[in-house]
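Visitor: Encoded as structure tokens, here's the structure I'll be asking about.
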Amino acid sequence: MSIKEIKSELDRIVDKFNEDIKAIRTGHVSAILVENILVDYYGVKVPLKQAANITVPDARLIIIEPWVKENIKDVVAAISAANLGVNPASDGVTVKLVFPPLNEEERIKTVKLMNQRAEKAKVSVRIFREEQREIVKKQEKNKEIGEDEKFRLDKEIQKAVDESNTQIADIVEKKEKQIMTI
């Protein structure tokens, strides 16, 4: 695997982590909280974003307007099953989700959850690094590369890993500020 491919794989791990924590609630709600909830849509499970229009008119309110009004019960059932901490309110045309403000305890719990996910991402990065180092060691053992090339590749792999870990830390810091801001 080339260094470019290694960086690409590490970027994929960081991007997956970034997408994962986008669904973590901050002081302001986001459509991301509900858009991937699976809804029964004519017998097929589809993400909510494919079955309804989702709007966020203010910091604590999400309004969901199913494209087919007959599916509103399925949307309400799917949201209830998702355990978002709110009860969906339906008027027959739209579903409204009013989120209470996060208290200090919930904010701290949310930061802990995010840090756990960050640690999982860092573990994925470390596992990937070790896999790549083993490949380099085998190449040296099989005389495909020299010792100098092995050390150079190890150094480049570590540099790419360090960059990925820095990106993860930056994402965590930014998200933590959003969570802890009242």
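The values are calculated or read from the model by the stated rules, or taken from the named source; none is laboratory data. Here the structure is a predicted model, which means the values were calculated and not measured. Positions of Cβ are backbone-derived with ideal geometry, glycine not excepted, and every protein chain shown enters the neighbour counts.
Visitor: Is it the case that VAL161 is surrounded by 14 or more Cβ atoms within 10 Å (Cβ to Cβ), over 30 Å from PRO57 (Cβ atoms) and either free of Cβ contacts under 8 Å to residues at least 60 places away in the same chain or not small (Gly, Ala, Ser) (or both)?
Guide: It is true that VAL161 is surrounded by 14 or more Cβ atoms within 10 Å (Cβ to Cβ), over 30 Å from PRO57 (Cβ atoms) and either free of Cβ contacts under 8 Å to residues at least 60 places away in the same chain or not small (Gly, Ala, Ser) (or both).
Visitor: Give ILE72, ILE32, ILE24 a once-over and let me know the one that is modelled with pLDDT of 90 or more and either farther than 23 Å from GLU176 by Cβ or not in a strand (DSSP E or B) (or both).
Guide: ILE72
Visitor: Something else now. Might you check whether a residue that is among the hydrophobic types (A, V, I, L, M, F, W, C), within 13 Å of the chain's Cα centre (by Cα), modelled with pLDDT under 95 and assigned to a helix (DSSP H, G or I) occurs anywhere in region 43-52?
Guide: No - not one qualifying residue is present in region 43-52.
Visitor: Additional query: Scan region 119-151 residue by residue and report those that are surrounded by 12 or more Cβ atoms within 10 Å (Cβ to Cβ) and more than 21 Å from ASP11 (Cα to Cα).
Guide: Matches in region 119-151: LYS137, GLN139, GLU140, ILE145, GLU149, LYS150, PHE151.
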